[in-house]
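Engineer: First the structure, then my questions, so here it is.
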Amino acid sequence: MNHGEVFSTFAWLDSQGHFNLDVGGNPAEKGSGAASSFNAPYSIGSGAGHGGRGAREGGPAYGSVYRPLVLGSGGGNGGGTGGTGGGQLLWEVGKRVELNGLVSARGGKGNGSHAGGGSGGSILIKTTNMTGHGEIAVTGGSATGQGGGGSGGRVGIHCRWRYTYGGKFTDRGGLGTQDNYDAPAGTVYKQENFRQLEYRILKYSKETNTTYLAVDHTYLHVDNEGHDVPEATVLMEEGTIDYEFDEVELTGYSRLIVYHPNQTDVTVIAHRFIGDKTGQFHLRINQTIYVEVVESENNRTEAPCSYRIDKAAEIVLPAEFHVHGVRSELYGLMTGVHFLFLEDGATLKIASSAQTAITENRTHVDVTQPGNCSFAHVIIKQGGVLDLVRVEEVLVSVTSSVFEVLHKGTVKVNHGIFSSAFAEVETKGVVVLDGAGHQAATGPGAGSTSSNRGSGAGFGGQGGVSHSNHPGGSAYGSVYKPLSLGSGGGQSGGAGKFRSAGGSVSGYLDNAGAAGTVYKYESRRGPQYRELKYNPDANLTSFNPSTPRSRWTTKTTM
């Protein structure tokens, strides 16, 4: 079968049974997500799209996440023949379906040299009850040579009553000969009900002027089986700008984006995230996601997935946010977070366009300026990594009442500011700025290169002379308030800069470079007993340190 509709009162598929719709879709370079060929310098076929875009800038994503009813598309030919797309099945069962075998609509492999894979097809099952331990597969087709894999297809399960199916869903993208030739996964959507018909809730839709029974539980699953690919799976439904799911599961290095033509405002509500920490939800401009906020019982989230929030996008979270994802990135707005925890190998990158805010009476308040993030409490521990990255002219700043880098926590900075009332860096806690300053042969104290030999960069002192007796970079900066980036040596890079207010340090602050200066002053009296001094040059009044003498040291390591 390649394109079928099956209607029955009861249905069984035994463990050795196979409902086969593989390669039953559109042929090479045909279909809504058809791939094409390009010359580089010989003909290469890209992958077909469906649940996501095909590999190697292949065919576009298409279809419905809720009601998948379209054929898979064909891959690009390249120097051979692109793979055929998967077929399409609508299976309606009046009473009960027991699925212990295999139902598949997989895309075909490319044939010949540098041929792209076909995309997976569509499977939609509507039933009153569903059980079994079989498999439903809509994987994309693999590519040959330098061709691109085909995207995974789409699966929809609409169960009106009892759902006890414990089998497997397979929706990964097709594979190429290299990791960046692999394609994204497709989607698996499931809806079920926990209550009998007379107890279910009626809802009204203004857009369609219809009344319908609300679904008790909705679930979205994307799994790319450990393949970290350039393209993303696409959540899409024609004419829809508001999505709501009870559970979203992202696993196997899958990445999910939301379709929004013309950068329309789009809202996603996810009541619960589950996963393996590697899946990533990627929000783009004018998109907002509410993560475990609507019905949070304890005002915290420990969602085991990653988030990428682009500039002009927003993520709304409970007050206590435990980051567990291994590749979270914040370029836009994070709303609602008071307590930020990074732990268990989690990574959060904060860029110089990032902002934070809180809400009161559904209104944003305390919205920070771009590059400034404010929290009540920040804790990095047990392999957690906070990475502050200056990507624009704006500095990255983190403000908190308490800032703690605990056992095995790491903070990476290239150019940032920390402000806190209390701070601590525990033993084996790390704040590292190595190699994060000016690039090679740049900066105020840049080294230079002569006869393929580089001289050392200067900062606290003059840089070292090269083997060809070329002088090093000059000294610069302030001994009292060092706020400059390290310079790059001849054919090497400098270290970054870091400014922190308050706190105790018993761990490791690493700002590696040439021998420089360490200046320290301290006060032994409370503010009410200290002397005020006026600086006429800066027109500034400040406290005079109460220590009778300040101390500075230099150290040279041979």
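For every residue, the table says whether it meets (1) over 14 Å from D228 (Cα atoms); (2) in a loop (DSSP other than H, G, I, E, B); (3) more than 22 Å from the chain's Cα centre (by Cα).
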| residue | (1), (2), (3) |
| --- | --- |
| Q146 | yes, yes, yes |
| S151 | no, yes, no |
| Y165 | yes, yes, yes |
| N180 | no, no, no |
| A183 | no, yes, no |
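Engineer: Moving on. Please verify whether A357 is among the small types (G, A, S), in a loop (DSSP other than H, G, I, E, B) and over 24 Å from Q382 (Cα atoms), treating the condition exactly as stated.
Structural biologist: Numbers: among the small types (G, A, S): yes; in a loop (DSSP other than H, G, I, E, B): no; over 24 Å from Q382 (Cα atoms): yes.
For A357, the condition - among the small types (G, A, S), in a loop (DSSP other than H, G, I, E, B) and over 24 Å from Q382 (Cα atoms) - is not met.
Engineer: Now for a different question. Checking T267 against (1) crowded, with 22+ Cβ neighbours inside 10 Å; (2) more than 15 Å from the chain's Cα centre (by Cα), only one condition comes out false. Which one?
Structural biologist: (1)
Engineer: Show the residue pairs that are 6+ apart or on different chains and have beta-carbon atoms under 8 Å apart, the first residue being within segment 359-383 and of a type in the set (F, W, Y), the second being in a strand (DSSP E or B).
Structural biologist: Filtered contacts from segment 359-383: F375/F339; F375/L340; F375/T356; F375/V398; F375/T399; F375/S400.
Engineer: Kindly provide the set of residues from segment 234-247 that are in contact (Cβ under 8 Å) with a residue 40 or more places away in the chain and either aliphatic (A, V, I, L, M) or in contact with a Ser or Thr (Cβ under 6 Å, 6 or more places away or on another chain) (or both), ordered by number.
Structural biologist: V234, L235, M236, E237
Engineer: Note down all Cβ pairs under 9 Å where the first residue falls in segment 63-89 and is aromatic (F, W, Y), the second is in a loop (DSSP other than H, G, I, E, B), and they're at least six residues apart or on different chains.
Structural biologist: Between residues of segment 63-89 that are aromatic (F, W, Y) and residues that are in a loop (DSSP other than H, G, I, E, B), the close pairs are Y66/E237; Y66/T240.
Engineer: Let me ask another. Exactly one condition in (1) in a loop (DSSP other than H, G, I, E, B); (2) under 25 Å from P27 (Cβ atoms); (3) not hydrophobic (A, V, I, L, M, F, W, C) is not met by G156; state its number.
Structural biologist: (1)
Engineer: Looking only at strands (runs of 3 or more DSSP E) that lie completely in segment 278-331, which have at least 2 residues being within 24 Å of G252 (Cα to Cα)?
Structural biologist: By residue number, 280-283, 287-291, 306-309, 320-323, 328-330.
Engineer: So T410 passes all but one of these: (1) farther than 30 Å from G490 by Cβ; (2) of a type in the set (S, T, N, Q); (3) under 20 Å from the mean Cα position of the chain (by Cα). Which condition number does it fail?
Structural biologist: (1)
Engineer: Shifting gears a bit: If you scan segment 116-127, which residues turn out to be in contact with a Lys or Arg (Cβ under 9 Å, 6 or more places away or on another chain) and assigned to a strand (DSSP E or B)?
Structural biologist: Once the filter is applied, which keeps residues that are in contact with a Lys or Arg (Cβ under 9 Å, 6 or more places away or on another chain) and assigned to a strand (DSSP E or B), segment 116-127 yields S122, I123, L124, K126, T127.
Engineer: Specify the residue that is modelled with the lowest pLDDT; the eligible residues are those in segment 360-399 that are polar (S, T, N, Q) and not in a strand (DSSP E or B). Walk me through it before giving the result.
Structural biologist: Start the filter on segment 360-399 by keeping residues that are polar (S, T, N, Q), which leaves 361, 363, 368-369, 372, 374, 382, 397, 399.
When the remaining residues are screened for being not in a strand (DSSP E or B), the result is 361, 368-369, 382.
On the way: N361: 87, T368: 96, Q369: 95, Q382: 93.
In this case the residue turns out to be N361.
The values are calculated or read from the model by the stated rules, or taken from the named source; none is laboratory data. The model shown is predicted, which means the values in this text are computed figures rather than measured ones. Cβ coordinates were reconstructed from backbone atoms using ideal geometry, including for glycine residues, and neighbour counts include every protein chain displayed.
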